[in-house]
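The values are calculated or read from the model by the stated rules, or taken from the named source; none is laboratory data. In this text, all values refer to a predicted model and were calculated from it rather than measured experimentally. As a convention, Cβ positions derive from the backbone with ideal geometry for all residues, glycine included, and neighbour counts pool all protein chains shown. Please note that ligands, DNA and RNA were not included when accessible areas were found on the heavy atoms of the full protein model with its side chains. Shrake-Rupley method; radii C 1.70, N 1.55, O 1.52, S 1.80 Å.
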Amino acid sequence: MSTKLSNGITVPEKQEWRTEDLSLSNIADYKPFIMVDGPGVRCSVYVSGCKFLCPGCYNVAAQNFNYGTPYSKALEDQIIDDLRQPYVQGLTLLGGEPFLNTGVTLQLVRRVREEFGHTKDIWSWTGYTWEELLEETDDKKALLKAIDVVVDGRFIQALMDLTLRFRGSSNQRMIRVPESLQTGEIVLWTDEYDQ
């Protein structure tokens, strides 16, 4: 049974929260060609529904699984068409909680890999920590294995730092997924701007 901590964040037991029990496959928003959700120009998909309920969350409306509109083939085709632009670096998954909406997010990342291979990178934000994801349900682990970078961990208001790139609080990490899975140790994502 999930626990609510003194900082207001809800923490699940291992494999407690399941997409098939929670997700309504709704999309809170889709934003093509933006430059704030990871490096370069990106197409960002905001899924609906999150159970972490982090106080200070920047997207409270998207915590509701009923919020937004149903994911559709037409939207997926639009995302793929937008990703075809040569100046678009990749896809970003946010929420809500992408790992509690794997019916949508896993389908989308598999299509992106079919269409583009690894020429477009895929980032995802999640309230789960890396360590938690490694012990989660098969669908969450499948999504993790299909992406390039995961920004992990709950947003903690007491650790909020507006100077951080692509993160809200200092406990969150930008993790290179393939390298971390291969080595068994967390490899952080950095670029020339992090020197």
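Some values worked out for this structure:
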read-out	value
Mean projected area in nm² (Cα convex hull; one quarter of hull surface) for the chain	10.7
Computed E for Arg111/Tyr87 - FRET, C-beta separation, R0 22 angstrom, nearest 0.05	0.60
Loop-exposed chymotrypsin sites (Phe, Trp or Tyr not before Pro) per DSSP, neighbour cap 13 Cβ within 10 angstrom, longest uninterrupted part of the chain	88-195
Inter-part distance where segment 51-122 and segment 19-35 are each reduced to a Cα centre, Å	5
DSSP-defined antiparallel bridges as percent of all bridges, segment 3-183, nearest 5	50
Segment Asp77-Asp21, extension gain: residue separation times 0.36 nm, minus the distance between their alpha carbons	17.5 nm
Distance (nanometres) between label positions extended 7 Å along Cα→Cβ at Met1 and Tyr58	3.5
Most mobile listed residue (Asp21, Asp37, Asp138) in the chain, GNM with C-alpha springs under 10 Å	Asp21
Local net charge near Ile186, Cβ-Cβ under 12 Å (Lys/Arg +1, Asp/Glu -1)	-2
Sulfur and carbon atoms: percent of accessible area, the chain [1.4 Å]	52
Average accessible area per residue (Å²) across the chain - probe 1.4 Å, nucleic acids and ligands excluded	49
Per-residue [θ]222 nm for the chain (sum of -39500 (n - 2.57) over DSSP H runs n ≥ 4, rounded to 500)	-7000 deg cm²/dmol
